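Visitor: Starting off with a structure, shown below.
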Amino acid sequence: MGTGRPPVRVHAGNCWDTRTRCKPATADQARRALAEGVSACPHCRPDTALGVLD
């Protein structure tokens, strides 16, 4: 927790598991984060929704 910390997980906008420490990102920012190795939430699967599959 803290300013400037790297993202830990990418969520879809309607995910129930976002809690309060999340901030919105554009679809391009989310795709870039996933491509750079940030984990996709296993519940909402933003990687599938954005078409970013391993």
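Visitor: With +1 on each Lys and Arg Cβ and -1 on each Asp and Glu Cβ, and nothing else charged, work out how big the dipole of the chain is about its Cα centre, in Debye to the nearest 20.
Guide: With Lys and Arg at +1 and Asp and Glu at -1, about 240 debye.
Visitor: Helix-only mean residue ellipticity at 222 nm, the chain, DSSP H runs n ≥ 4 weighted -39,500 (n - 2.57), per residue, nearest 500. What is it?
Guide: Roughly -5500 deg cm²/dmol at 222 nm, from the helical runs in the chain.
Visitor: Taking the Cα atoms of the chain, what is the range of coordinates along each of the three principal axes, in descending order and whole Å?
Guide: If we take the Cα atoms of the chain, the spans are 30, 23, 17 Å.
Visitor: Which net charge results for the neighbourhood of Gly4, defined as the other residues with beta-carbon distances under 14 angstrom from its beta-carbon, given Lys and Arg at +1 and Asp and Glu at -1?
Guide: Net charge in that neighbourhood comes out at +3.
Visitor: At 1.4 Å probe size, what's the solvent-accessible area of Cys22? Round to the nearest 10 Å².
Guide: Surface open to solvent at Cys22 totals about 70 Å².
The values are calculated or read from the model by the stated rules, or taken from the named source; none is laboratory data. Given the structure is predicted, the values throughout are model-derived calculations rather than measurements. All Cβ positions, even for glycine, are placed from backbone atoms using ideal geometry, and neighbour counts span all protein chains on display. When the accessible area is computed, the model is the full protein with side chains, heavy atoms only, and any ligands, DNA or RNA have been set aside. Shrake-Rupley method; radii C 1.70, N 1.55, O 1.52, S 1.80 Å.
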